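Notes to accompany the following structure.
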Amino acid sequence: GKKKPLVVVTRKLPDSTETRMRELFDTRLNVDDAPMTKAQLIDAVQNADVLVPTVTDEITADILSHANGKLRLIAHFGNGVDNLDVAAAVARGITVTNTPKVLTEDTADMTMALILAVPRRLIEGASILTEGGKWTGWSPTWMLGHRLGGKRLGIIGMGRIGQALARRAHAFGMQIHYHNRRPVSPAIEEELGATYWESLDQMLARMDFISVNCPHTPATYHLLSARRLKLIRKDAYIVNTARGEVIDEAALVKLLEDGDIAGAALDVYEHGAVVHPKLIRLAKAYKVVLLPHMGSATIESRVDMGEKVIINIRTFLDGHKPPDRVLPSMV
Ligand code: 8YV
């Protein structure tokens, strides 16, 4: 019979995804789950018909320059595609897809958890019990934090995740503000009670909470620059579950150390898993809460992401446009 297409997967995926892929394709899985080296990525680009990377794979124009016409689809396991040079891929006739929508609600949940974490002193309180001996009983004036209700939340990036966050924060009694390239529909603004700010600078100066929910693109790299970070109120909190590169991390650290901002809760970092050592020190002082990129880390989201990858591959191999195509104009 016809030779099955070779699908190379760079990381360990949910069991159900791997099982189905093995049934459908000639699948090369990464059983030990170590991030691929550059040499392994080049090998994959040369030999695979379909490549399934994740956020830990930098698929640069340089790596793609090794393509020899065999690779026809990059079916990314993830929503953000900032680790892929989409333009370089498309220029070589390689189609790119991602896995939007299925992780929206889980990522918005985690963002809400991070919005609560610092002002309600969640990690600090929990550690008092786990460290032992530090709790002698309830007191009327002990471990007091700050209320979310009535506070202004400024969302940067009102796409699917930004809107899902707005819905949650609205239910918590927060006032919703947002900055986006363009306003969302009046119907959505009405539902969320959301106020559009064309000027990010003006919004930053007035918010009690700032949440980053935009993709990382050349246009959003260091969108929260040192200059813009200084516009934020001293008693405000910053939350980022999008991409670390959107914030000038060194400038944020300085702001936190100087006490020029109330706190931060981060799930993503400018240099991936290499977290700024001063952020870790600030976390030990409970000024910040740090998570290891867990926004979409539920079994449900990851299984659904795997299903989307498979649908994109099958549709493409059947000769149709895959549902989650990413075009260079989108990034
Ligand atoms: C994943 C994410 O952890 O989809 C994204 O953009 O950041 C997360 O859902 C990761 O990117 C999967 O590759």
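Within the stretch 100-112, is there a residue that is farther than 30 Å from Ile74 by Cα, at pLDDT 95 or above and β-branched (Val, Ile, Thr)? Give the steps one after another, and end with the answer.
Let us first name the residues in the stretch 100-112 that are farther than 30 Å from Ile74 by Cα, namely 112.
Right, trim to at pLDDT 95 or above and you get 112.
After this cut, where a residue has to be β-branched (Val, Ile, Thr) as well, the list is none.
Checked against the condition, which is being farther than 30 Å from Ile74 by Cα, at pLDDT 95 or above and β-branched (Val, Ile, Thr), the stretch 100-112 yields no hits at all.
State all residues of the stretch 95-105 that are more than 9 Å from the ligand (Cβ to nearest atom) and either crowded, with 21+ Cβ neighbours inside 10 Å or free of Cβ contacts under 8 Å to residues at least 12 places away in the same chain (or both); if no residue qualifies, say none.
Within the stretch 95-105, the first condition is being more than 9 Å from the ligand (Cβ to nearest atom), and the residues that meet it are 95-97, 101-102, 104-105.
Result: Val96, Thr97.
May I ask you to say which residue of Ala108, Ala126 is crowded, with 21+ Cβ neighbours inside 10 Å and outside any strand (DSSP E or B)?
The match here is Ala108.
Taking into account only those residues within the stretch 205-231 that are among the hydroxyl-bearing types (Ser, Thr, Tyr) and surrounded by fewer than 17 Cβ atoms within 10 Å (Cβ to Cβ), which is nearest to Met330 (Cα to Cα)?
So in the stretch 205-231, the residues among the hydroxyl-bearing types (Ser, Thr, Tyr) come out as 211, 217, 220-221, 225.
Checking the rest, the ones that are also surrounded by fewer than 17 Cβ atoms within 10 Å (Cβ to Cβ) come to 217, 221, 225.
Working: Thr217: 9, Tyr221: 15, Ser225: 23 Å.
This residue is Thr217.
Quick one: would you say Asp62 is of a type in the set (Asp, Glu) and away from the ligand (no atom under 13 Å from the Cβ)? Break it down into steps so the answer makes sense when it comes.
Details: of a type in the set (Asp, Glu): yes; away from the ligand (no atom under 13 Å from the Cβ): yes.
For Asp62, the condition - of a type in the set (Asp, Glu) and away from the ligand (no atom under 13 Å from the Cβ) - is met.
Checking the conditions here, which among Val268, Val303, Val309 is aliphatic (A, V, I, L, M) and assigned by TED's automatic domain parsing to the domain that holds Lys151? Break it down stepwise before answering.
Working: Val303 fails: assigned by TED's automatic domain parsing to the domain that holds Lys151; Val309 fails: assigned by TED's automatic domain parsing to the domain that holds Lys151.
Checking each option against the conditions leaves just Val268.
Every residue, every condition in (1) more than 30 Å from Ala226 (Cα to Cα); (2) touching a residue at least 60 places away in the same chain (Cβ under 8 Å), yes or no:
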{"site": "Leu256", "(1), (2)": "no, no"}
{"site": "Asp260", "(1), (2)": "no, no"}
{"site": "Gly263", "(1), (2)": "no, yes"}
{"site": "Val274", "(1), (2)": "no, no"}
{"site": "Leu279", "(1), (2)": "no, no"}
{"site": "Met294", "(1), (2)": "no, yes"}
{"site": "Glu300", "(1), (2)": "yes, yes"}
{"site": "Asp304", "(1), (2)": "yes, yes"}
{"site": "Val309", "(1), (2)": "yes, yes"}
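Which one is farthest from the ligand (Cβ to nearest atom), of the residues in the stretch 81-94 that are surrounded by 19 or more Cβ atoms within 10 Å (Cβ to Cβ) and not in a helix (DSSP H, G or I)?
If we take residues in the stretch 81-94 being surrounded by 19 or more Cβ atoms within 10 Å (Cβ to Cβ) and not in a helix (DSSP H, G or I), then Ile94 is farthest from the ligand (Cβ to nearest atom).
For the stretch 72-97: of the residues being of a type outside the set (Phe, Trp, Tyr) and in contact with a Lys or Arg (Cβ under 8 Å, 6 or more places away or on another chain), which is nearest to Leu290 (Cα to Cα)?
Looking only at the stretch 72-97, we keep the residues that are of a type outside the set (Phe, Trp, Tyr), and these are 72-76, 78-97.
Those still in the list that are in contact with a Lys or Arg (Cβ under 8 Å, 6 or more places away or on another chain) too: 80, 82, 93-97.
Values: Gly80: 20, Asp82: 22, Gly93: 40, Ile94: 36, Thr95: 35, Val96: 31, Thr97: 30 Å.
By that ranking, first place goes to Gly80.
Considering only the stretch 159-215, give the helices (runs of 4 or more DSSP H) lying wholly within it that have at least 3 residues that are hydrophobic (A, V, I, L, M, F, W, C) and within 15 Å of Leu114 (Cβ to Cβ).
Details: elements: 160-171, 186-192, 200-204.
Output list reads 160-171.
For Asp62, only one of the following conditions fails: (1) assigned to a loop (DSSP other than H, G, I, E, B); (2) over 25 Å from Gly295 (Cβ atoms). What is its number?
(1)
Output the number of the condition that Thr37 fails; it satisfies all remaining conditions of (1) among the hydroxyl-bearing types (Ser, Thr, Tyr); (2) without any contact (Cβ under 8 Å) to a residue 40 or more places away in the chain; (3) in contact with a strand residue (DSSP E or B) (Cβ under 9 Å, 6 or more places away or on another chain).
Tallying (1) among the hydroxyl-bearing types (Ser, Thr, Tyr); (2) without any contact (Cβ under 8 Å) to a residue 40 or more places away in the chain; (3) in contact with a strand residue (DSSP E or B) (Cβ under 9 Å, 6 or more places away or on another chain), Thr37 fails exactly one: (3).
Just to check your reading of the model, which residue among Asp248, Asp304, Asp267 is under 30 Å from Leu13 (Cα atoms), touching a strand residue (DSSP E or B) at 6+ places or on another chain (Cβ under 8 Å) and not hydroxyl-bearing (Ser, Thr, Tyr)? Give the derivation first.
Numbers: Asp248 fails: under 30 Å from Leu13 (Cα atoms); Asp304 fails: touching a strand residue (DSSP E or B) at 6+ places or on another chain (Cβ under 8 Å).
Step by step, each of Asp248, Asp304, Asp267 is checked, and only Asp267 is under 30 Å from Leu13 (Cα atoms), touching a strand residue (DSSP E or B) at 6+ places or on another chain (Cβ under 8 Å) and not hydroxyl-bearing (Ser, Thr, Tyr).
The values are calculated or read from the model by the stated rules, or taken from the named source; none is laboratory data. Nothing here was measured: the structure is a model prediction, and the numbers come from that model. Here the Cβ is made from the backbone with ideal geometry for all residues, glycine too, and neighbour counts use every protein chain on show.
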